[in-house]
Amino acid sequence: MERKGEPTFRESVDLMFNRAVKLMDLSPGLEQKIRVCNSTYTVRFGVRLRGKIETFTGYRSVHSEHMEPVKGGIRYALSVNQDEVEALAALMTYKCALVETPFGGSKGGLCIDPRAWEEDELEQITRRFAYELIKRDLIHPAQNVPAPDMGTGEREMAWIADQYMRMNTTDINGRACVTGKPPHAGGIQGRVEATGRGVQYALREFFRQSEDKAKAGLSGGLDGKRIVVQGLGNVGYHAAKFLSEEDGCKITAVIERDGALVDDKGLNIEDIRQWMVKHGGSIKGYPQATLVEDGASLLEAECDILIPAAMEGVIHRENAPRIKAPLIIEAANGPITFGGDEILRQKGCVIIPDMYANAGGVTVSYFEWVKNLSHIRFGRMQRRAEESRHQMLVDELERLSADKGLGWTLSPGFKDKYLRGAGELELVRSGLDDTMRTAYQAMREVWHSRGDVDDLRTAAYIVSIGRVSLAYQSKGL
Ligand code: NAD
């Protein structure tokens, strides 16, 4: 979304990149090489629908191939354009480097309103778009691996995977050509929730650091923290659900495209989501909360944490001075413009940047890709072996207690939990948690150790650009 007097999304990303690069010592020319987008392919294709030929425009942009395959979602929205796709591809490069997934950055998009088409029509359109990208190796397990983004999900990824396999019948790794597939079609447990789950793990890690909380003027744990969420789609719904159901946070407002729901006592996220599913994605008429027509005004509400999880450019130079949240976690890509970011930083607002905050999706996509290439579900070999070792320990404790007359009893629930070996979902969550904690520490180290870095975004860019530059240097650039 372009705003008058503000840089475009792509320019915003470049300006943030420039701010970080000024503080680094990169070899001449390398800075430019990392910043530029390597290539963007535009395709216009026709599909016969409802008795006439409809022409669609799509993009696949490759920002950096310092590692391959390159990785990045495919977005379906009417607003998709080359500038946006290139900005998102650049963010993917930095994101993958920050969370150490071995990918370069890419992104795709199709100018379409997915709600305007029936399921069978969307399948025809998706397969045709996929065909155009597959025949140019812009979808390929070793070269370019898409995933879901705004407007797409498991269903579209399954169609893309099937289309690739129809066109490459002897490629044994064909399923690894795309991630975010449903589990029955080569997906992995925990992928749908992964980005929202990553937001939860990121906040948990932030709240473990007293010094960082203090910078935002916050204290204590997540319990009772008041949160405003924008966008109750895949990312926003899961983040809000987990934070309210598992961490005791209160979601005081949900901002959607047709208004905002507000309740100071805390909203029931699952209930709202069910309402939206039944009412064509609308929050209107939901009986348990107050509806505010001007939804975006709630971005400026009093709260402890603001989670923009809808789209880019929603916090900008005009509304940034009125934002009251001391902590913003960017679950969406690019929700704060460069101008908005400057104002918020001057106000002392702490921003957990998108390239870190929403990296849960690409992290679990990485696990799915590895699963597809290894052709085996995680945990299948170890789970029962782990359970029998645990059983041995429990048996031994119980024997000791009985033999020595100690009268020990294991606390209720412990035995069941301890004896259960880790299945795929537990392993995915453990890998995601580890990734989010490790990446946060890498950013934080730069944030706190350098006198010239006063925000997490610049710190994140410095870590990522440093890693990408090392990859280029070892290729001889
Ligand atoms: P989605 O399509 O599932 O959900 C987007 C939600 O935002 C929808 O409920 C929509 O109604 C709402 N929305 C749209 N415009 C709005 C507006 N102007 N105001 C308020 N709400 C609005 O999309 P998603 O997959 O959840 O993606 C959301 C953001 O997260 C995007 O920026 C995307 O790039 C980013 N992201 C997604 C993933 C993923 O795994 N899906 C991973 C990383 C980043």
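A few comments on the model shown:
- Lys347-His448 pseudo-label distance in nm [points 7 Å out on the Cα-to-Cβ vector]: 2.7 nm
- Helices assigned as whole DSSP H runs in the chain whose Cα atoms extend at least 15 Å along their own long axis and whose mean Kyte-Doolittle hydropathy is -1.0 or higher are found at 9-21, 82-98, 119-134, 154-167, 194-207, 234-246, 360-374, 424-449, 456-474.
- Mean sequence separation of contacting Cα pairs (under 8 Å, at least six apart), scaled by the length of the range 217-348, corresponds to a relative contact order of 24 percent.
- Mean-position separation - Cα centroids, the range 370-442 and the range 460-477, in angstrom: 37 Å
- Entries in Lys107/Lys347; Lys4/Lys215; Lys33/Lys371; Lys250/Lys284 that, when Cα-Cα distance is taken, lie over 27 Å: Lys107/Lys347; Lys4/Lys215; Lys33/Lys371
- Estimated 222 nm signal from helices in the chain, with DSSP H stretches of n ≥ 4 weighted -39500 (n - 2.57), rounded to 500: -14000 deg cm²/dmol
- One Cα centroid belongs to the range 169-198, the other to the range 218-269; the line between them spans 28 Å.
- Mean Cα-pair separation over length for the chain, i.e. relative contact order, pairs under 8 Å, 6 or more apart, %: 16 percent
Read-outs: derived from the displayed coordinates by stated rules, not from any lab. Model, not experiment: these values are computed from the prediction. With ideal geometry, Cβ positions are generated from the backbone for all residues, glycine too; neighbour counts draw on all protein chains shown.
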